[in-house]
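Inspection log for the structure reproduced underneath, given as structure tokens.
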Amino acid sequence: MVGKFISFEGPEGAGKTSVLKVLMPRLQKQYGSQLLITREPGGTDNPVAEAIRDVVLSPAYPTMDIRTEALLYAASRREHVQKTIKPALAANKIVLSDRFVDSSIAYQGAGRELGMDNVRALNDFALEGFLPDCTVYFNIRPEIGLERIQAHRQNEINRLDLDSIEFHQRVSAGYHQLAQQDPKRIVVIDAEQPLEQVIEDAWQAVNRVLKMEE
Ligand SMILES: Nc1ncnc2c1ncn2[C@@H]1O[C@H](COP(=O)(O)OP(=O)(O)OP(=O)(O)O)[C@@H](O)[C@H]1O
Ligand SMILES: [Mg+2]
């Protein structure tokens, strides 16, 4: 592997997608077609992973078994890594993913209470040791993130948005634990700041990783 793989993580409404939208043209200027932006669940140019995304996020299945859900996320991720991310890295690309494995460990492991170690083990099978070079963790109190979403996105509610605040608190605690366990990989940024500042902090984190290589 020669490229670099960076994931963006954090609760809903933390600003991951908003920040990526701003960083994408900046990075494109520098790296052109060497840049690949993707997201989970699903993935850029990955029909199998996207088909699984449609199932896991659909409000049509409110009673999905939580282990089924965890398995689907891991299956989708396997496909994303094998068919999208690894080939891009082999071609020396810079890959940025809006969410990756930490989302599963935080949401299914901590949020749904399957156990972070269980979900990590399940994903180890899918990933065979593959991890991002760097993860930018958008740290925000979940109630602030949910408030932002409610203020801006009334018509597009997915299944996860319908969960209780306690669920989101567990997710947040899970993320904190992950950041503590792996401070070398996971860079924490304060996502409660104004968007402009969050963008700058994320930009610096991304550039630190990319400049290491050059
Ligand atoms: N720093 C910020 N301050 C205020 N509002 C923000 C900030 N960052 C993002 N927002 C707003 O909050 C909403 C959610 O942001 P965004 O969709 O980028 O979050 P996200 O982390 O991608 O969430 P999700 O996990 O649900 O995809 C958007 O309407 C966005 O404009
Ligand atoms: Mg988003």
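The values are calculated or read from the model by the stated rules, or taken from the named source; none is laboratory data. Computed from a prediction, not measured in an experiment: that's the story for all the values here. Counting neighbours? That spans all protein chains shown, and the Cβs are built from the backbone with ideal geometry, glycine included. When the accessible area is computed, the model is the full protein with side chains, heavy atoms only, and any ligands, DNA or RNA have been set aside. Shrake-Rupley method; radii C 1.70, N 1.55, O 1.52, S 1.80 Å.
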Percent accessible area from carbon and sulfur atoms, the range 4-213, protein chains only, probe 1.4 Å: 53 percent
message: I want to make sure I understand the PRE zone here: with the label point 7 angstrom from the Cα of Lys83 toward its beta carbon, which residues in the range 21-62 have backbone N atoms less than 19 Å away?
response: 36-58
task: Please find, in a Gaussian network model of the chain (springs between Cα atoms separated by less than 10 Å), the residue of Ala75, Ala91, Ala151 whose mean-square fluctuation is greatest.
output: Ala151
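Give the relative contact order (percent, whole number) for the chain; include only Cα pairs under 8 Å separated by 6+ residues. Each step should come with its number before you reach the end.
Details: 329 pairs, mean separation 68.7, N = 214.
The normalised contact order for the chain reaches 32 percent.
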message: Using all alpha carbons of the range 25-133, what is the percent of pairwise distances in each 10 Å bin, ordered from the shortest bin to the longest?
response: 15, 45, 29, 11, 1
task: Wrap a convex hull around the Cα atoms of the range 4-213, take a quarter of its surface area, and give that in square nanometres.
output: 10.9 nm²
query: Averaged per residue, what accessible surface does the chain expose to a 1.4 Å probe, in Å²?
result: 49 Å²
